[in-house]
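One structure is given below, encoded as structure tokens.
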Amino acid sequence: MSSNEPAKNMSIIVTKGTLDWAYPPFILATTAAAMGLEVTMFFTFYGLSLLKKDLKLQISTLGNPAMAMPMMGGHMVMPNIISAIPGVDAMATSMMKNLIKKKGVASIEDLRAAAVESEVHMIACQMTMDLFEYKQSDLIDGLTIGGAATYIETATKCDINLYI
């Protein structure tokens, strides 16, 4: 990219707040930022929980039929019916966190810190904050508080817009 050419831009709408759904937006945002793109992330509904100071991320096996965990030399698929058993989501979360650590994958906290360090612009949805009764003090520092119009103003100028 020449010095006269404007930087490419990317926006991501983040709507999910589980451990497994937290990885795609942060990996894409930090990778794009490392490649010189200006990145904006808009956190709305359950995705807003990824901006909380104290993350307590879990996995939900419900509605995730493709979830297959490596075990005993193979991959164990967790049928949706298993989600009804108390403790299954906690077990799946523990298994996933152990796998993440074993494989040397960065934590969501580390990826989020890398996004902040890379100057990824993060917008916390005001309507969702009101709906779920979040206070700005519940969230990490350095955020923009805004609504759909704030996000759309950015998105209309972006080369890439993603919904996760």
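Conditions tested, residue by residue: (1) open to solvent by 70 Å² or more (accessible area, probe 1.4 Å); (2) at pLDDT 95 or above; (3) part of a helix (DSSP H, G or I).
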site	(1), (2), (3)
Ser2	no, no, no
Glu5	yes, no, no
Ser11	no, yes, no
Trp21	yes, no, yes
Pro25	no, yes, yes
Leu28	yes, yes, yes
Ala33	no, yes, yes
Met41	no, yes, no
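Scanning the range 109-164 for residues that are more than 22 Å from Leu19 (Cα to Cα), among the polar types (S, T, N, Q) and assigned to a loop (DSSP other than H, G, I, E, B) yields one hit, Thr156. When the range 97-113 is filtered for residues that are farther than 17 Å from Pro25 by Cβ and open to solvent by less than 60 Å² (accessible area, probe 1.4 Å), only Leu99 remains.
With the condition kept exactly as written, say whether any residue in the range 104-122 is without any contact (Cβ under 8 Å) to a residue 60 or more places away in the chain and more than 27 Å from Met35 (Cβ to Cβ). Looking for residues that are without any contact (Cβ under 8 Å) to a residue 60 or more places away in the chain and more than 27 Å from Met35 (Cβ to Cβ), one finds none in the range 104-122, hence no. In the range 87-96, the count of residues that are outside any helix (DSSP H, G or I) and either free of Cβ contacts under 8 Å to residues at least 40 places away in the same chain or buried (at least 16 other Cβ atoms within 10 Å of the Cβ) (or both) is one or more. Taking the criterion of being of a type in the set (A, V, I, L, M), more than 16 Å from the chain's Cα centre (by Cα) and open to solvent by less than 30 Å² (accessible area, probe 1.4 Å), the residues of the range 114-164 that qualify are Met129, Ala155.
The values are calculated or read from the model by the stated rules, or taken from the named source; none is laboratory data. Just so you know, these numbers come straight off a predicted model, no measurement behind them. Quick reminder, even Gly has a Cβ in these numbers, built from the backbone with ideal geometry, and neighbours come from all protein chains shown. Areas reflect the complete protein model, heavy atoms only, side chains present, ligands, DNA and RNA absent. Shrake-Rupley method; radii C 1.70, N 1.55, O 1.52, S 1.80 Å.
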